[in-house]
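*Asks:* Structure in structure tokens, see below.
The values are calculated or read from the model by the stated rules, or taken from the named source; none is laboratory data. Predicted model only: the values in this text are computed from it and were never measured. When we count neighbours, we look across all protein chains shown, and the Cβ atoms used for this are built from the backbone with ideal geometry, even at glycine.
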Amino acid sequence: MPSRRYIRLPTDLPSGSKEWATIKEDIVNALQREVMAVRKYVKGHKIHRHDTVYTGSAGAALMNYRLASLGLSIDNEMFSPLSLQEVGDGDVSLVLSSNRLTRAAIRDAAHASFIETPIGLATMSLARSSQLNREDPKAKQLLLHAIKQICDNDQIEYDNDCEILYGRAGLLYALLYLRKEGARLRTSGSADVHILTSLEQMRCSILSPGYGE
């Protein structure tokens with residue numbers, strides 16, 4: 001295994017503040033190095049209309065937003081929350097220019113997850129738009145469409161329908177992500193209530209009696 005992929009740790013726990021400081025420095029250096037490696041890869045990566053948060057620029061955006069939310073104490077302007085958010089915004093913008101967030105991508109319960117479908121991109125875009133006090137009707141409508149489609153068709157036919165990587169558990173994760181980020185969805189009627197109350201509907205759908213027996 002290449003040495004750059006892991007941090008060598010001693011068998012015993014550090015015994016003093018100096019040793020802890022050294023380990024912290026190693027972790028921070030490794031984080032900065034690997035983040036920059038991801039950014040370098042993304043710059044040379046061709047945007048594809050089927051990109052998800054599992055691959056390419058959308059995944060890099062998720063990384064940057066997550067790091068920004070942690071408020072890390074790193075003496076490097078490139079790792080300030082504002083800088084990380086700006087890089088993430090640029091990645092999302094690039095992917096959205098090629099990905100139209102079409103409803104056709106959400107065909108059934110086994111194709112509605114945060115990770116493997118445009119749901120992840122829509123979720124990130126919606127959460128960020130809310131933070132910036134902007135509207136994102138396409139992202140909202142895609143999520144509402146996915147929720148309605150799955151709740152209206154509550155039959156479970158395959159394992160993939162429920163799992164986190166592909167199915168409805170992945171959509172539930174997207175809704176929880178929005179709730180955690182505090183995204184305030186501004187749509188007509190009761191769209192806000194619909195998405196938030198759908199958390200319980202989705203939970204019941206995933207844990208429906210008899211599944212997995």
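*Asks:* Looking only at the stretch 103-121, filter to residues that are free of Cβ contacts under 8 Å to residues at least 40 places away in the same chain and not basic (Lys, Arg); which one of those is nearest to residue 45 (Cα to Cα)?
*Replies:* That would be 105.
*Asks:* Can you tell me which of 124, 78, 36, 63 is among the hydrophobic types (A, V, I, L, M, F, W, C) and over 29 Å from residue 136 (Cα atoms)?
*Replies:* 36
*Asks:* Looking for something in contact with a Pro (Cβ under 7 Å, 6 or more places away or on another chain) and small (Gly, Ala, Ser) - is there at least one such residue anywhere in the stretch 104-112? Give the derivation first.
*Replies:* Going through the stretch 104-112, the residues in contact with a Pro (Cβ under 7 Å, 6 or more places away or on another chain) turn out to be 105.
Those left that are additionally small (Gly, Ala, Ser): 105.
Yes, the stretch 104-112 contains a residue that is in contact with a Pro (Cβ under 7 Å, 6 or more places away or on another chain) and small (Gly, Ala, Ser).
*Asks:* Could you tell me which residue of the stretch 73-101 is farthest from residue 162 (Cα to Cα), considering only residues that are part of a loop (DSSP other than H, G, I, E, B) and touching a residue at least 24 places away in the same chain (Cβ under 8 Å)? Give the derivation first.
*Replies:* Taking the stretch 73-101 first, the residues part of a loop (DSSP other than H, G, I, E, B) are 73-76, 80, 97-101.
With the extra rule that they be touching a residue at least 24 places away in the same chain (Cβ under 8 Å), the set shrinks to 74, 76, 97-101.
Numbers: 74: 39, 76: 42, 97: 30, 98: 28, 99: 25, 100: 25, 101: 22 Å.
This residue is 76.
*Asks:* All but one of (1) in contact (Cβ under 8 Å) with a residue 40 or more places away in the chain; (2) within 19 Å of residue 177 (Cα to Cα) hold for residue 68, so report the exception by its number.
*Replies:* (1)
*Asks:* Read through the list (1) in a helix (DSSP H, G or I); (2) closer than 18 Å to residue 122 by Cβ; (3) among the hydroxyl-bearing types (Ser, Thr, Tyr), then give the number of the only condition that residue 54 fails.
*Replies:* It is condition (1) that residue 54 fails.
*Asks:* Could you please find all residues in the stretch 13-43 being among the polar types (S, T, N, Q) and not in a helix (DSSP H, G or I)? Can you show your working first?
*Replies:* Step one: list which residues in the stretch 13-43 are among the polar types (S, T, N, Q), which gives 15, 17, 22, 29, 32.
Hit for the stretch 13-43 is 15, nothing else.
*Asks:* Please list, ordered by first then second residue, the pairs with beta carbon atoms under 6 Å, 6 or more apart or interchain, first in the stretch 150-175 and outside any helix (DSSP H, G or I), second modelled with pLDDT under 75.
*Replies:* 154/205; 156/211; 162/206; 166/160; 167/160; 167/161
*Asks:* Here is a further query. Mind checking which pairs have a first residue in the stretch 32-59 that is under 27 Å from residue 166 (Cα atoms) and a second that is aromatic (Phe, Trp, Tyr), Cβ under 8 Å, 6 or more apart or different chains?
*Replies:* Listed pairs, sorted by first residue: 35/79; 53/114.
*Asks:* Of everything in the stretch 42-68, what is touching an Asp or Glu at 6+ places or on another chain (Cβ under 8 Å) and either farther than 18 Å from residue 95 by Cα or exposed (fewer than 14 other Cβ atoms within 10 Å of the Cβ) (or both)? Give them in sequence order. Show your work before the answer.
*Replies:* Applying the first criterion (touching an Asp or Glu at 6+ places or on another chain (Cβ under 8 Å)) to the stretch 42-68 yields 42, 52, 54, 57-58, 60-61, 64.
Scanning the stretch 42-68 gives no hits.
*Asks:* Related question: Kindly provide the set of residues from the stretch 102-147 that are part of a loop (DSSP other than H, G, I, E, B) and closer than 19 Å to residue 55 by Cβ, ordered by number. Talk me through it step by step, then tell me what you get.
*Replies:* Of the residues in the stretch 102-147, the ones part of a loop (DSSP other than H, G, I, E, B) are 102, 106-108, 112-117, 132-136.
Hits for the stretch 102-147 are 102, 106, 112, 113, 114, 115, 116, 117.
*Asks:* Which one is modelled with the highest pLDDT, of the residues in the stretch 107-139 that are over 30 Å from residue 35 (Cβ atoms) and either surrounded by fewer than 24 Cβ atoms within 10 Å (Cβ to Cβ) or within 14 Å of the chain's Cα centre (by Cα) (or both)? Full working, then the answer.
*Replies:* Residues of the stretch 107-139 that are over 30 Å from residue 35 (Cβ atoms), as a first pass: 107-111, 135, 137.
If we keep only those that are either surrounded by fewer than 24 Cβ atoms within 10 Å (Cβ to Cβ) or within 14 Å of the chain's Cα centre (by Cα) (or both) too, we end up with 107-108, 110-111, 135, 137.
Details: 107: 77, 108: 78, 110: 78, 111: 81, 135: 78, 137: 84.
Among those residues, the one meeting the criterion is 137.
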